[in-house]
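Worksheet: one structure, shown below.
The values are calculated or read from the model by the stated rules, or taken from the named source; none is laboratory data. Bear in mind that the values here come from a model prediction, so they are computed numbers and not experimental data. Every residue, glycine as well, gets a Cβ built from its backbone with ideal geometry; the counts of neighbours run over all protein chains shown.
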Amino acid sequence: MDTSKIQAKFKELYGAEGAVYTSPGRINLIGEHTDYNGGFVLPGAIDKAIYCVIKPNGTNKVRGYAPDENPDKVALNSEFGLEEADKPKERWAQYIFGVAREMAKKGRKVPGFDIIISGDVPLGAGMSSSAALESCVGFALNDQFALGFDRFELALTGQATEHNYVGVKCGIMDQFASCFGKEGSLIRLDCRSLEYEYFPFDPKGYKLVLINTCVAHMLGGEYNERRESCERVVAAIAEKHPEVKLLRDASLDWLKEVSSKVSAVDYIRSEFVIEEIQRLLDTCELLKKGDYEAAGRKMYETHTGLSLKYTVSCPELDFLNETAKECGVAGSRVMGGGFGGCTINLVKDSLYDGFIQKATEAYEKQFGIKAKVYDVVIKDGARKL
Ligand code: GLA
């Protein structure tokens, strides 16, 4: 994105130039709803990002401006203090406030600053625009005020913001990918230990492409409910196996032992999670061997699990998934939290044009909505420009 416009706007509003920072959205190849269960994920940062221009203003207030927000619905400007009682009402400003508050809770109080936020991560598309915003603000504040947080702490700060100021009890995947992204590599992250390894990803003869249903998802109650299902099952398993703290620590056999103690819904959701954690490990082995067709079949299995067991799909996503299958696409599935947003597709080069044409035309015919298509480019994480 060309940041000269927001820099010019910053000068117009606040009288001087500011420093520019960016942090990206993410894709996730496989491993969904596993992060808050201590499992593995395989995300990568992408070339769609949030940008900010920022400058300390010598007061204890924040003056913020977000030109991309829909002007009919929310204010573009927001001015707020940084004490707990000062929470702004504009949603975009709550993220900025939340990050600063979480930093203050760790004993590093943030003074006042001016900030403009902009970006090209589609909102509600499952590409983690919120985490990109949290990471961008976190990285910028850390650098501007020399707060001394490392990237792990910045990712955790973003996650805590989501929990405490947005209300989504998310895992660590999105913020981690936004902070740790590396050009050309996916990140195989163990969400229990936070150990990670870069996983070079350049599937010869294949492309990764996202198709956005343009049915916006808003994560909240439904997401948190799924997390609670998993936690109830962990509590039931831990009665006999106290070492189980997360579903990652449990096996399908141990899950079976509690089948009469937990609800059918909690059971089937947990079954999906335990299967998905193993599926990711299997898929990494297939990717190492370069067997993209077999890895793609795992993605279809994930979609089926997310749709039928975890029930976070929707008719629009299922339709795009079916269309991919009909076109012979190697792998396809709903990506991210679900309930709308994108499918991620691993497509042989020779099938790419036909698939995109068929999927977008059939989708529009079926739902009267124009789907959006994004080729995935894997880029670096949070940084100063
Ligand atoms: C959202 C959350 C992540 C993760 C995914 C599902 O993106 O923010 O923490 O749980 O959903 O894998």
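Things worth noting here:
- Taking strands (runs of 3 or more DSSP E) as the structural unit, those lying wholly within segment 137-246 and holding at least 1 residues that are without any contact (Cβ under 8 Å) to a residue 24 or more places away in the chain and either more than 16 Å from the ligand (Cβ to nearest atom) or in the same structural domain as Trp92 (by TED's automatic domain parsing) (or both) correspond to 196-200.
- Breaking point among (1) outside the structural domain of Asp266 (by TED's automatic domain parsing); (2) surrounded by 23 or more Cβ atoms within 10 Å (Cβ to Cβ), for Val329: (1)
- Filtered residues of segment 103-130 (kept if more than 30 Å from Cys214 (Cα to Cα) and surrounded by 24 or more Cβ atoms within 10 Å (Cβ to Cβ)): Met103, Phe113
Residues are listed down the side, and each one gets a yes or a no for (1) hydroxyl-bearing (Ser, Thr, Tyr); (2) closer than 28 Å to Phe176 by Cα; (3) out of contact with any helix residue (DSSP H, G or I) (no Cβ under 6 Å at 6 or more places or on another chain):
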{"residue": "Thr323", "(1), (2), (3)": "yes, no, no"}
{"residue": "Gly341", "(1), (2), (3)": "no, yes, yes"}
{"residue": "Lys348", "(1), (2), (3)": "no, no, yes"}
{"residue": "Lys358", "(1), (2), (3)": "no, no, yes"}
{"residue": "Lys370", "(1), (2), (3)": "no, no, no"}
{"residue": "Ile378", "(1), (2), (3)": "no, yes, yes"}
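- Some residue of segment 247-264 being of a type outside the set (Lys, Arg), within 30 Å of Val347 (Cβ to Cβ) and surrounded by 14 or more Cβ atoms within 10 Å (Cβ to Cβ): no
- You will find that of Asp35, Asp47, the residue that is of a type in the set (D, E, K, R), touching a helix residue (DSSP H, G or I) at 6+ places or on another chain (Cβ under 7 Å) and under 30 Å from Gly331 (Cα atoms) is Asp35 and no other.
- Of the criteria (1) in contact with a strand residue (DSSP E or B) (Cβ under 6 Å, 6 or more places away or on another chain); (2) modelled with pLDDT under 95; (3) among the aromatic types (Phe, Trp, Tyr), which one Tyr223 fails: (1)
- Matching residues, segment 1-26, being aliphatic (A, V, I, L, M) and within 11 Å of the ligand (Cβ to nearest atom): none
- Applying the condition of being charged (D, E, K, R) and free of Cβ contacts under 8 Å to residues at least 24 places away in the same chain to segment 327-364 and asking which residue is nearest to Cys214 (Cα to Cα) yields Glu364.
- Number of the exception - Ala235 against (1) surrounded by 14 or more Cβ atoms within 10 Å (Cβ to Cβ); (2) farther than 21 Å from Ile356 by Cα: (1)
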